[in-house]
Amino acid sequence: MVAVVREQTNASTPALPPERTPRHVAIIMDGNGRWAKQRGLPRTEGHRNGVENLRRILQAAVECGVEILTIYAFSTENWNRPKYEVEMLMRLLELFLERELDELHKNGVQIRHIGELDGVPTRLQKRIVKGLELTKDNSRLILNVAFNYGGRDEIVRAVRRIVEEGIPAEDITEDLINHYLYTCGLPDPDLIIRTSGELRVSNFLIWQGSYSEYYTTPTYWPDFDETEFRKALAEYAHRKRRFGQIDEQVEDPDE
Ligand code: FPP
């Protein structure tokens, strides 16, 4: 990743005040296949360009003061894609880690993984573990990679562990469940972006995203550049988050 952290603001778009900047942004990087099709290219070219774009968005996230970036790189459902495409997606993550790890580390990026390593090729597993280990003490940006991840699967695994550990029903709280999720210790995403115009959650952070703000754009992921990223953040800055409550105290008519 070339000079990921330049910590300068894009002159055309002023920085948002910290209290209006999402701490945790999660992205469903959708539309690689359609991007490629539009250009008469194989789908895999779309994924390759998607990885290139990730470098740009990482840089933009740091510049904008985002603390955690979670990306949906491979879902538990993606195993059902054609074998060559699955292999390509595995290979792309491997290459990404091979080429970018040192630069990410130098730039203070902490890599985390959410999902299961079971079923992932051994060579890639080793690369992931190496990346996690090398960057574990970094704190400039957390890059949380959802790879072989499914939200329902995550909840099922959490429930199984809770039962296996014999935790009594009355001790089961939201905090306890949070503790058993892959995202334990991380704040919930403030903003979830989905590219390519689809209006679906697709099994992504279904527990953690309960009160996230959603943003969608018709732009395909490989074209979702820094300007688009800043646009999403600017829209978030205007949203009023109420977390199921109302804006101001209203008088109780019965009192
Ligand atoms: C959705 O596009 C994208 C994916 C299933 C994978 C996302 C992966 C990348 C951007 C590259 C991998 C990232 C890393 C870090 C290795 P789609 O194929 O569903 O597009 P379509 O809906 O247009 O067919």
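The values are calculated or read from the model by the stated rules, or taken from the named source; none is laboratory data. Since the model is a prediction, treat every value here as computed from it, not as a measurement. Please note: Cβ atoms are built from the backbone with ideal geometry, for glycine as well, and neighbour counts cover all protein chains shown. Surface areas here come from the heavy atoms of the whole protein model, side chains and all, with no ligands, DNA or RNA. Shrake-Rupley method; radii C 1.70, N 1.55, O 1.52, S 1.80 Å.
Would you point out which residue out of R43, R91, R56 is under 16 Å from the mean Cα position of the chain (by Cα) and either within 12 Å of the ligand (Cβ to nearest atom) or in contact (Cβ under 8 Å) with a residue 12 or more places away in the chain (or both)?
The conditions single out R56.
Would you confirm whether any residue within the stretch 127-135 is more than 22 Å from I28 (Cα to Cα), among the hydrophobic types (A, V, I, L, M, F, W, C) and free of Cβ contacts under 8 Å to residues at least 60 places away in the same chain? Yes, the stretch 127-135 has at least one match.
For the stretch 227-238, the set of residues classified as within 16 Å of the ligand (Cβ to nearest atom) and either modelled with pLDDT under 95 or of a type in the set (D, E) (or both) consists of E228 only.
For the stretch 13-37, taking the residues that are more than 15 Å from the ligand (Cβ to nearest atom) and among the polar types (S, T, N, Q), the one that is least open to solvent (accessible area, probe 1.4 Å) is identified as T21. Residues considered: A169, A234. Of these, the only one that is more than 28 Å from R39 (Cα to Cα) and touching a residue at least 60 places away in the same chain (Cβ under 8 Å) is A234.
For the stretch 200-216, the set of residues classified as under 11 Å from I28 (Cα atoms) and assigned to a loop (DSSP other than H, G, I, E, B) consists of R200, V201, S202, N203, F204, L205, listed by residue number.
Residues in the stretch 59-88 that are open to solvent by 10 Å² or more (accessible area, probe 1.4 Å), part of a helix (DSSP H, G or I) and within 12 Å of the ligand (Cβ to nearest atom) were compared, and the one that is farthest from I142 (Cα to Cα) is N80. All of (1) in contact (Cβ under 8 Å) with a residue 40 or more places away in the chain; (2) under 17 Å from the mean Cα position of the chain (by Cα) hold for I155 with one exception: (2). Only a single criterion out of (1) touching an Asp or Glu at 6+ places or on another chain (Cβ under 6 Å); (2) touching a residue at least 40 places away in the same chain (Cβ under 8 Å) is not satisfied by W207, namely (1). Criterion applied to I128, I142 was being within 14 Å of the ligand (Cβ to nearest atom), under 18 Å from the mean Cα position of the chain (by Cα) and hydrophobic (A, V, I, L, M, F, W, C), and the one residue passing it is I128.
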